[in-house]
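The values are calculated or read from the model by the stated rules, or taken from the named source; none is laboratory data. Owing to the predicted nature of the structure, the values given are computational and were not obtained by experimental measurement. Neighbour counts run over all protein chains shown; Cβ positions are idealised from the backbone, glycine included.
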Amino acid sequence: MSDKIFRVNMTTLTTCVEEVPANWAGHGGRGLTSTIVTAEVPPTCHPLGPNNKLIIAPGLLSGTPAANSGRLSFGGKSPLTGTIKESNAGGTAAQLMARCGCKALILEGRPAGNTWYSLAVSPKGVTINVETELIGKGNFEVVSTVTGRIAKKHALISIGQTGEMRMAAANISVKDSEGHLRSAGRGGLGAVMGSKRVKFITIDPQDGKVAIADPEKFKAANKIFTKALTSHPISQGLGQYGTNVLVNIINEAGGLPTKNFTAGQFAGHDKISGETMYDRIMERGGKPKHGCHPGCVIQCSQIYNDLKGQYKTSGFEYESIWAMGADCCVDNLDHIAEADSLMDDLGLDSIETSVAMGVAMEGGLLEFGDGEGILRILKEEVAKGTGLGRIIGGGAGLVGKTFGVARVPVVKNQAIPAYDPRAIKGIGITYATSTMGADHTMGYAIATNILKVGGSVDPLAKEGQVELSRNLQIATAAIDSTGMCLFIAFAALDDATCLPALIDLINARFGINLTGDDVVNLGKYILKTERAFNEAAGFTRTDDRLPEFFEYEPLAPHNMVWDFTGEEIDSFWDF
Amino acid sequence: MKITVRLFAFFREGRFIEEQLEYPDRTTVAGVINDLGIDINAVGVTMISSRHCPLDAELRDGDQLGIFPMIGGG
Ligand code: SF4
């Protein structure tokens, strides 16, 4: 089956299936969402207005047997940052969408009335249905009800109440193989889906399959690729401790943002660490190792049970645990798990929301460390959409303004995640220059600065950081186009067989002859395309800066400040 | 001299989380790793007092040494 573009117009409530324009054909995932956003969304439009679009695109390899290829990209103009946005998630939707022959789903327009809808995607196209029962409900109820309605295997994409209320921290969730959730967390695209009054999207591939041009070559490449992933020691550690293994090493390095970014080490670090989490998962009969989609051979996800041995949360990641933990000084892992589950159900980005809580704590809303207080605010304010709840759900920047706080860790209004840029300078360059606002995944300098994967750059020195972030951001943009989970990057940085095998997989899938240089050029094209959108939306180089407090508040234990000049940061774009 | 040694991830299994240990002067990071029976090839990162250090770095009295296997996340 040849791939098509599925278009849904929510103003006219019509759908159609279109041929793929020639200049979109080589793209997938982030490369495709950013290409379509740039082609079709006016950069100055209001993100919640009728002219913004939500683009959903599987990666180039999604739906094939390639290991770890099930990431789904969501793109549009972000209500949080006002920039272009791509946010991706695991779950089963990318694979099943690809099997529908859907290269991208474009959701445009906005209905006039107050009616809510759901969409059903199949190889024949998309149908629009009125939805009443699940409006006002959380993601968990959407999953259980829709699973009850559709007996056969399907994928599900949905928003919680916060997406319906169009909060800027609202995410989009994707069901995984076991009915739990993975989220395209950052940038508030859940609010864009809510503005179009689409509560959920189901995907039924029927007997659709992804065609592979050269199956023999594909199989051989996948074998090499899978071996590179599974034999890398970091993949093995991810399987045991999950990404939360980072709490202790980032703390040891003095870069764990604590108490709203006022210290680089957290006294309670070991209580929320991956090691402690692993012991607790084993004691309570959970599962330390779990994949977010079939075909994942790394399995960084896990099932975390509560004290009674009942399921509490999964995909319990370092960034979420850091944010609700060290940044808010909560050292009770069960409170953090409960908050994680609430945020999943409400459909909130756990980084943005937790950093917003940290800023609110500094503003006097709660004492630092008050895990119970956080749970109460999530349940009684955010879930109900009270004034305070909407401020928290509007993200860290809005909370800072509302509470008169000067120490607001955001870039382009998006919360800075779990690595302090004063103690780990390479990641600061990524935060500053990313086309998406502060986002560690855009150029994960932690690998080289702290973990010593793919070389070694001194985290406290400026030398080499701009170049490092540039190379990582270019590579990441390309990887984000393949549908690959970013955790393949550790193997890719260290194992010389990994990237060539990945390129062979793409070539065998499409019957083409990409080279390593083509892939680098793809990454560069994506970054430049995204930046051009941002410039047309009104962003300038002065937006590529970290918040001022990083320059005048030294961070213990290293007592370092952020000391890159604007010129040095801007040299990032010299390519 | 007294060194505070902190172990992480599976290096803790059958050993300890944090202990103060006594070593002769000029003991290196590798010396401590070998003394603890840790496979040096499995070591990813070592830090003395929150700074990365090479395996042949000599320790000084009162140092805090962190030993990590190869780990990652993000
Ligand atoms: S490594 Fe983790 S994020 Fe990546 S595909 Fe597997 S479970 Fe999902």
Suppose we keep only residues that are within 14 Å of another protein chain (Cβ to nearest Cβ) and among the small types (Gly, Ala, Ser) within region B:30-56. Which one would you say is farthest from B:Met70 (Cα to Cα)? B:Ser49
Quick one: A:Thr81 ticks every box in (1) closer than 23 Å to A:Thr162 by Cβ; (2) in contact with a helix residue (DSSP H, G or I) (Cβ under 8 Å, 6 or more places away or on another chain) except a single one, so which number is it? (2)
Tell me which residues, restricted to region A:121-173, are closer than 23 Å to A:Val17 by Cα and surrounded by 21 or more Cβ atoms within 10 Å (Cβ to Cβ). A:Val121, A:Val126, A:Ala155, A:Leu156, A:Ile157, A:Ser158
Please specify each residue of region A:56-83 satisfying the condition of being hydrophobic (A, V, I, L, M, F, W, C) and out of contact with any Ser or Thr (no Cβ under 6 Å at 6 or more places or on another chain). A:Ile56, A:Ala66, A:Leu72, A:Leu80
Let me confirm something: among A:Thr448, A:Thr441, A:Thr482, A:Thr430, which residue is free of Cβ contacts under 8 Å to residues at least 60 places away in the same chain and within 16 Å of the ligand (Cβ to nearest atom)? A:Thr441
I'd like to verify a number: residues in region A:24-66 that are in contact (Cβ under 8 Å) with a residue 60 or more places away in the chain and either among the aromatic types (Phe, Trp, Tyr) or touching a Cys at 6+ places or on another chain (Cβ under 7 Å) (or both), how many? 2
Among the residues of region B:20-37, are any outside any loop (DSSP other than H, G, I, E, B), modelled with pLDDT of 95 or more and in contact with a helix residue (DSSP H, G or I) (Cβ under 6 Å, 6 or more places away or on another chain)? yes
Test: residue in region A:265-279 that is under 27 Å from A:His232 (Cα atoms) and among the β-branched types (Val, Ile, Thr): yes
Take the residues in region A:232-254 that are free of Cβ contacts under 8 Å to residues at least 60 places away in the same chain and under 17 Å from A:Tyr419 (Cα atoms); name whichever of them is farthest from the ligand (Cβ to nearest atom). A:Glu252
Output the strands (runs of 3 or more DSSP E) that fall wholly within region A:11-97 and possess 1 or more residues being buried (at least 24 other Cβ atoms within 10 Å of the Cβ), or say none. A:54-58, A:72-77, A:84-89
Are any residues in region A:150-182 modelled with pLDDT of 95 or more and among the polar types (S, T, N, Q), and if so, which ones? A:Ser158, A:Gln161, A:Thr162, A:Asn171, A:Ser173
Can you find a residue that is under 23 Å from the mean Cα position of the chain (by Cα), more than 25 Å from A:Gly75 (Cα to Cα) and within 16 Å of the ligand (Cβ to nearest atom) anywhere in region A:453-476? yes
Across region A:444-459, what is the total count of residues that are assigned to a helix (DSSP H, G or I) and more than 8 Å from every other protein chain (Cβ to nearest Cβ)? 2
Given the criterion of a type outside the set (S, T, N, Q) and surrounded by fewer than 24 Cβ atoms within 10 Å (Cβ to Cβ), identify the matching residue among A:Ala360, A:Ala326, A:Ala337. A:Ala337
